[in-house]
Amino acid sequence: MKKPIKKIAATALILLMMFAGLITLLSLPSVQLWITKRATQYLHHQFGISSSVDGIHIGFPKNLIIDGLFISDNQGDTLLYIDQVDLNLGITALLRKQVSWSHLEIRGLEGNIMRRQADSTFNFAPILEAFKSREDVNQDAVKSNWSFSPGKMLLMDWQLSFTDSLEGSD
């Protein structure tokens, strides 16, 4: 009778130690730098445009801070720049296929949407193309069972510009 209890306790202790090790790893600057590099590579690969992230800081159990998110358009101009994103994310909700946050703060947002005379597409077109399906998929057959429940959102020090050289509007 004592052996099963010891095995259960040992398993729980090992899982707890692995969890603590993961938390410790995520708090190390070198691991956060590695995550930052991977995020930048993902943005470049996914959208095919230049991007950079100055830093990603993960504070367990719920905080995610992204510093210096920069995305340029195909001309090298700023499409989006965010000085800092501070997100209080419900990580346990992700395990239940729920995206939720209690607080999202975006500081220093600069967005520039433009369409140049030379072509008829907007500068964010590559991002839209990246989200398009690569195959013809029956959209009725593909259903997401993820839920989305946003919390408070605060935008501080933001600026958006719209320039359409083709239509002549700013």
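The values are calculated or read from the model by the stated rules, or taken from the named source; none is laboratory data. None of these values were measured; they are calculated from a predicted model. As a convention, Cβ positions derive from the backbone with ideal geometry for all residues, glycine included, and neighbour counts pool all protein chains shown. Just the protein is used for accessible areas: all its heavy atoms, side chains included, with ligands, DNA and RNA removed. Shrake-Rupley method; radii C 1.70, N 1.55, O 1.52, S 1.80 Å.
Using each residue's phi in the stretch 75-86, evaluate 6.51 cos²θ - 1.76 cosθ + 1.60 at θ = phi - 60° and report the 3J(HN,Hα) Karplus result to the nearest Hz, with x for Gly and Pro.
With the stated coefficients, the stretch 75-86 comes to 8, x, 7, 5, 8, 8, 9, 10, 5, 7, 10, 10 Hz.
With Kirkwood's inverse mean 1/r over C-alpha pairs for Rh, give me the Rg to Rh ratio of the chain, two decimals please.
With Rg and the Kirkwood Rh in hand, the quotient comes to 1.10.
So for the stretch 1-75, averaging the separation of alpha carbon pairs under 8 Å that are six or more residues apart and normalising by length, what relative contact order in percent results? Don't skip to the end; give the middle numbers.
Details: 67 pairs, mean separation 17.2, N = 75.
Answer for the stretch 1-75 is 23 percent.
Got a sec? What order do 77, 67, 54 fall in by accessible area at 1.4 Å, biggest, i.e. largest, first? Walk me through the numbers before you get to the answer.
On the way: 77 65, 67 35, 54 110 Å².
In descending accessible area the options line up as 54, 77, 67.
Put 3, 62 in order of accessible area, largest first, 1.4 Å probe: what do you get? Don't skip to the answer; put the middle values down first.
Details: 3 155, 62 85 Å².
Ranked list, largest accessible area first: 3, 62.
What do you reckon, how do 162, 47, 148 stack up by accessible area (1.4 Å probe), largest on top?
Greatest to least solvent exposure: 148, 162, 47.
Per DSSP helix of 4 or more residues, -39500 (n - 2.57); summed, then divided by the residues of the chain. What does that give at 222 nm, rounded to the nearest 500? Could you put the intermediate results ahead of the total?
Numbers: 4 runs with 57 residues, N = 170.
After summing the helix terms and dividing by residue count, I get -11000 deg cm²/dmol.
I'd like the accessible area for residue 129: 1.4 Å probe, protein heavy atoms, all chains in place, Å² to the nearest 10.
100 Å²
Can you give the charge dipole size of the stretch 1-159 about its Cα centre, rounded to the nearest 20 debye, using +1 on the beta carbon of Lys and Arg and -1 on the beta carbon of Asp and Glu?
1360 debye
How far apart, in nm, are two points set 7 Å out from the Cα along the Cα-to-Cβ line at residue 129 and at residue 75?
Simple spin-label model gives 1.7 nm for this pair.
Give me the percent of accessible area attributable to carbon and sulfur for the chain, probe 1.4 angstrom. Spell out each step's value before the answer.
Numbers: 7620 of 12210 Å².
On the chain, the fraction of accessible area on carbon and sulfur atoms equals 62 percent.
Projecting each Cα onto the charge dipole of the chain (Lys/Arg +1, Asp/Glu -1 at the beta carbon, about the Cα centre), which of 10, 36, 57 comes out farthest on the positive side?
Highest projection toward the positive end goes to 10.
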